[in-house]
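*Asks:* Got a structure for you, questions after.
Each reported figure results from applying straightforward, stated rules to the coordinates on display, with no laboratory input. None of the values given here were measured: they were computed from a predicted structure. Virtual Cβ from ideal backbone geometry, glycine too; neighbours counted across all protein chains shown.
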Amino acid sequence: MKRQWKILITLGILTLPFVLGLLITYEKVPYDWISMMEIQPNFRAMEHPLPLPEDSVPVQGEVYIRGMGAPENPVEPSEESLSAGEALYLIHCALCHGADGKGQGSVSGFLREHPPTDLTANPLVMDNAGAVYLTITEGVERRMPALHQNLTVIERWHVVNYVQSLAE
């Protein structure tokens, strides 16, 4: 019996600094336990990401330099490029411009003030791939959203190739 008391007292003495340390540092070293997804730090749909630093180069490589004119198309309009461009066009562009590119998409009736452009009758589309690329990348203010966050550089060039094939 005496030995059991000695063991209990020894364990109590050994654990006492640990327990006191926990009580003292509890408020000084808070640790947030995130148990629900809605309270985690995240990017909300309506928040804008931080702007890129001045003169930075995208991960995909240099595409164009602002103020230096329209870029040149580095992607050949091969069958693979046209099929990839068609798939991306149907996802991102056909709602407004229509599957055939004539500006008669399913939401074009709601865009009365600024109707979508007929891509098949626009001479700019056929003559200047760089201008089409810049339009897809930066959008048109109050008329078309910028797609630089939705499509990678190469995907945008695939869409350019497909749009130009519609205008032929």
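*Asks:* Remind me, what semi-axes does segment 79-166 give for its equivalent ellipsoid, largest first in whole Å, using sqrt of 5 times each Cα gyration tensor eigenvalue? The partial results should precede the final answer.
*Replies:* Values: eigenvalues 69, 38, 33 Å².
Value: 19, 14, 13 Å, ordered largest first.
*Asks:* Once you put a point 7 Å from the Cα of ILE91 and another 7 Å from the Cα of LEU8, both along the Cβ direction, what distance in nm separates them?
*Replies:* Between ILE91 and LEU8, the simple spin-label model gives 6.9 nm.
*Asks:* What does the net charge come to around LEU88 if you take all other residues with beta carbon closer than 9 Å to its beta carbon, with K and R at +1 and D and E at -1? Numbers along the way, then the final one.
*Replies:* Numbers: positive: ARG156; negative: GLU86, GLU155.
So the surrounding residues net to -1.
*Asks:* Next question. Pick out, from LEU95, GLY85, ALA70, the residue whose Cα sits farthest towards the positive end of the charge dipole of segment 66-114, with +1 on the Cβ of Lys and Arg and -1 on the Cβ of Asp and Glu.
*Replies:* Final value for the positive-end residue is LEU95.
*Asks:* May I ask for the net charge around ILE154, where only other residues with Cβ less than 13 Å from the Cβ of ILE154 are counted and Lys, Arg are +1 while Asp, Glu are -1? Please list the in-between numbers first.
*Replies:* Numbers: positive: ARG156; negative: GLU76, GLU80, GLU155.
That sum, taken over residues with Cβ under 13 Å, equals -2.
*Asks:* Rank these for me by crowding, VAL160, VAL140, VAL75, going from fewest to most other beta carbons within 10 Å. Before the final figure, lay out the partial values.
*Replies:* On the way: VAL160 27, VAL140 11, VAL75 18.
With the sparsest Cβ surroundings first, the list reads VAL140, VAL75, VAL160.
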